[in-house]
Amino acid sequence: MSSPVVVQGTAVAPPTQQQQQPHTGATETEHQPAKTGCNDPIFALLFYCNLGAIVAVAILYGPGTFDTATNNSGTDFTGLIYAVLVTGVISFIFSGLGLAFLMQYPAFMIKVGLIFVVVMSLVWCVFAFLNGSIFAGVIGAVFFLIGVCYARAVWSRIPFAAINMVTAGTAIKANLGVTLFAYLFTAFEVAWVLLWSVAFAGTLDTTYTCENGVCQNPSYGFLFLLLLSFYFTQQVLQSCVHVTVAGTVGTWWVAPEESGFCSKGVRNSFIRTITTSFGSICFGSLLVAIVQALRALANEARSNGDAAIFACIAECILACLARILEYFNKWAYIYVGVYGYSYLQAGRSVFQLFADRGWDAVIADDLVGNALLLTSIIVGGLVGVLGIVLSASTAFFEEAGEAATGVAFFLGFIVGLSICSILLSTIASGVNTVIVMFADAPREFESNHPELSAKMRETWRQFYPGSV
């Protein structure tokens, strides 16, 4: 018999291995025991320093910002905080509805999501030509044709994506309490956006200067640090959901008797996420946050006309780099949550697994991501409309003049998109974990969940002959 794989937190490991890694199952893949203690602790410390710095800035510079009689810019920021609070709460509700709809109609949402991507490229193409931008229109047309070809090629594979989503949804329903932790981190995201908004407003007001009639806002240095802090924390919160779900689904996979609403598997996964695995989460999140902050600066520089061509090139390069890092994190965090590996060890292990089995093409067919993206955009759009409604009665937006509607919609859209992405990541994390675990522990799945295993094997053989 092949060597057992050890999954954190279950009670099914042999006594000789349980002291090193508390989970196990019989599978074809052998794993080295993860080291005990906290992984990548320096990055957890950096996160706490980041959080402490924003709290300090909010306390020192935030309170006076909301008094137009004493602040430097004369701007009333109270409306901004009020709008963020209201849109955050509404985003919380809409995100829950979106999650429920996705779990109920997975195949339908995958189809609509795929069509949405193609239609958006067509809209981009038409909009560019109507505005006289021939180059952008040609690029849009190319992406539209590629999208049509891609949709035609993968349309028959929608059942494959749907069965993965159904299996993930089954695991989440069996451990429904994990969604409470997703809501918890979503609530943390709302609180973080509010706290960061206060710190941002305080920094904006403190660094606002006017000399000889020339007024200046914060430098790119201040803006970079603020954006880095925002993206760093947002990525950590989203990744915490991912790792918690991965650990929970891994436990359900090899030890379904430990499943339940707030079962031991759910609780242990959450505890590991915020303790021993937290440094690894912060490691990957910081890498993505740095790239995202630099990309936002490049976008700002391009908008202001500062070396627009170079800024545009830098923005494109940074966007590609961010996608690569996010792609790496998506799979590495599964091994962090399931096996307790460090960040780099997890990344090497998961990609070696797929490379050995020739499943690189399976990863590429990320149809589920389109459905999740569409749902997040819909929620963001609805909350953006709410932001426009709020702008009519908020002094902060009135000072934006003709741009008030756009600013209000953008604020609501970003808040709604960020919060919804955290909550919907339970589905994405579940699907990714299912793909990894089906490669890593198919025998446990067949033994513990025979009906789902039979459906998955049939579907996988249909689209990826020889993969199972």
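The values are calculated or read from the model by the stated rules, or taken from the named source; none is laboratory data. Since the model is a prediction, treat every value here as computed from it, not as a measurement. Note that we place each Cβ from the backbone using ideal geometry, even for glycine, and neighbour counts take in every protein chain shown. Heads up: the accessible areas ignore ligands, DNA and RNA and are worked out on the full protein's heavy atoms, side chains in. Shrake-Rupley method; radii C 1.70, N 1.55, O 1.52, S 1.80 Å.
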³J(HN,Hα), Karplus 6.51/-1.76/1.60, whole Hz, each residue of segment 141-157, x for Gly, Pro: 5, 4, 5, 5, 5, 4, x, 5, 4, 5, 4, 5, 6, 9, 4, 6, 8
³J(HN,Hα) computed for each position of segment 444-455 - Karplus, 6.51 cos²θ - 1.76 cosθ + 1.60, integer Hz, glycine/proline x: 5, 5, 5, 6, 8, 9, x, 5, 5, 4, 5, 5
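Calculate, in nm to one decimal, what Met120 and Arg267 gain on full extension: separation in residues at 0.36 nm each, minus their alpha carbon distance.
48.9 nm
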Of Lys173/Lys264; Lys173/Lys455; Lys264/Lys330, those spanning more than 23 Å from alpha-carbon to alpha-carbon: Lys264/Lys330
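Of Ile313, Ile427, which has the most accessible area and how do the rest follow, probe 1.4 Å? All intermediate terms of the calculation are to be shown ahead of the outcome.
Numbers: Ile313 90, Ile427 0 Å².
Heavy-atom accessible area, descending, gives Ile313, Ile427.
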Residues of segment 257-295 with amide N under 19 Å of a point placed 7 Å along Cα→Cβ from Ile139: 292, 294-295
Accessible area per residue in Å² at 1.4 Å probe, computed on segment 104-254: 45
